[in-house]
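These notes are about the structure you will find just below.
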């Protein structure tokens, strides 16, 4: 589904990624762990199309397309989704309006008819119930006044509605208590299928208790230095990265 080949990038002249290679196939869940400053969030932002990073080498192919030639909105329409570590608050824009606009923009890009107000509201209501999100959140401004757990659930709600082929979760477990983590993980697990894939970026093994990865990678100094199964996360939790 996605193949990253010898990717290197920099920001303000400082090298961050240094020849990183990674391949993710349909149906797979990959987790990336590593110390602070290793380049984990840089990788996520770069895949999403953040403009601050300069690619100095390498390629990224997503579903047979050159990802680096695509604008951020084109990447979303092609099936890529990113859940942010620190979701933004957007005052004055309701969740309902934002989500319907996003869903219909993707439908338009695929040559599909937009959902009517009634059809979208029915879909939104059903999806919110499954995520244990209260009805009142439809009309609240995006993430404004939300707790940390509510912001993360709202991100997974977006993912559920956009049905991406590849979802990138950048430290989604940050700031979550145990109950919120279970709810978020349950929402992610319900979306898993043989036709999509998931990339989880995390510092801690605890999220991987709920979302079982097929592969765990250690990212250090801008490149992947070790890959193994889910047992590697437990080893890192016990022994650290040293």
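Using mean Cβ contacts within 10 Å as the protection proxy, how do 84-91, 31-38, 71-78 order, highest first?
31-38, 71-78, 84-91
Two-decimal Rg/Rh of segment 58-119 from alpha-carbon positions, Kirkwood Rh?
Result for segment 58-119 is an Rg/Rh of 1.04.
Determine the percent antiparallel among the DSSP beta bridges restricted to segment 53-196, to the nearest 5.
So the antiparallel bridges amount to about 50 percent of the total.
Could you sort 2-12, 161-171, 47-57 so that the peptide with the highest average Cβ count within 10 Å comes first and the rest follow in order?
My ranking of the peptides, most packed first, is 161-171, 2-12, 47-57.
Quick one: grab Rg to one decimal and Dmax as a whole number for segment 106-223, Cα atoms only, in Å.
Expressed in Å, the Cα Rg and Dmax of segment 106-223 come to 15.6, 50.
Roughly how tilted is helix 178-191, in degrees to the nearest 10 and between 0 and 90, from the longest Cα axis of the chain?
Rounded to the nearest ten degrees, it is 90.
Just need the relative contact order of segment 104-242 here, percent rounded to a whole number, with Cα pairs under 8 Å and 6+ apart.
That works out to 17 percent.
So if I take the centroid of the Cα atoms in segment 61-75 and the same for segment 165-224, what is the distance between those two points in Å?
Their Cα centres are 22 Å away from one another.
In whole percent, what relative contact order does the chain give with Cα contacts below 8 Å and a gap of six or more residues?
It comes to 29 percent, rounded to a whole number.
Could you tell me which label, among (i) 15.9, 45; (ii) 17.8, 61; (iii) 17.8, 55, carries the value of Rg and Dmax of the Cα atoms in Å calculated for this structure?
(iii)
Bear in mind these aren't lab numbers, they're just calculated from the coordinates by the rules spelled out. All figures in this text were calculated on a predicted structure; none of them were measured in a lab. With ideal geometry, Cβ positions are generated from the backbone for all residues, glycine too; neighbour counts draw on all protein chains shown.
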